[in-house]
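The values are calculated or read from the model by the stated rules, or taken from the named source; none is laboratory data. This structure is a prediction, so every number in the text was calculated from the model and none was measured. As a convention, Cβ positions derive from the backbone with ideal geometry for all residues, glycine included, and neighbour counts pool all protein chains shown. Only protein heavy atoms, including side chains, enter the accessible area calculation; ligands, DNA and RNA are left aside. Shrake-Rupley method; radii C 1.70, N 1.55, O 1.52, S 1.80 Å.
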Amino acid sequence: SGTTYSVTSIGESAFYGCSALASIASPEGVTQIGNDIFSHCSSLASVTLPSTLKSIAWQAFLSCSSLTSIVIPEGAESIEDHAFESCSSLASVTLPSTLQTIGGRAFAVNSALESIVIPEGVTSLGWEAFASCDTLASVTLPSTLKAIGNSAFDDCYALKSVVMAEGIKSIGERAFNDCALTTITIPNSVTSIGASAFEFCHALASVVLPNSLTNLENRVF
């Protein structure tokens, strides 16, 4: 009939556990990488995402242990819970300026990731978003981020440099627990720091607290 069809969605768990799958290019028109689509694809090393993408859903790339880099295209707005958790070879992550939300444990337990810049525009950084990324040494956080989620960088043992922009209002519980920070400057916009936020930061020698701070919970330092 001459009718052509284009893929606009891929069902959840569509390629779950395809251990021999090495490369995937998602076609233009797809707006969401759904739940568990490529979860446990242990050989997946190359991923190309379309410019039409709006969100990467729950556990989409969970435990893709061969994935070394990912570029989230401009236009994408959310990365949901566990999306790239336990991607043990993921060393390079490029996030778009359109991104607004990074979910809980979205990049947790990624032992090859050494630095991350969260772009301006991100307003939500979920619980344990980068927890246990034990080679992560450098983090830059934007002014649009209002709250650093509980345990966001918990057990990032190599984390020495954190740049927080003015605009952040609160730092969650255990946010930087057991990190390698030597110095930290809390922005003047911060009013609350949660319990154990910097606990077990044994190298921490210098802390600058703002006048705006009204709530300092137990065991912060």
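General remarks:
- Charge context of residue 76, other residues only, Cβ under 14 angstrom, K/R +1, D/E -1: -3
- Mean-position separation - Cα centroids, region 119-143 and region 161-201, in angstrom: 12
- Per-atom-type breakdown for region 12-140 gives carbon and sulfur 51% of the accessible area (1.4 Å probe, protein chains only).
- Note: relative contact order over the chain, using C-alpha pairs below 8 Å and six or more positions apart, is 10 percent.
- Where region 81-218 is the region considered: accessible area per residue in Å², 1.4 Å probe: 38
- The mean sequence distance of close C-alpha pairs (under 8 Å, at least 6 residues apart), as a share of the length of region 169-221, puts its relative contact order at 42 percent.
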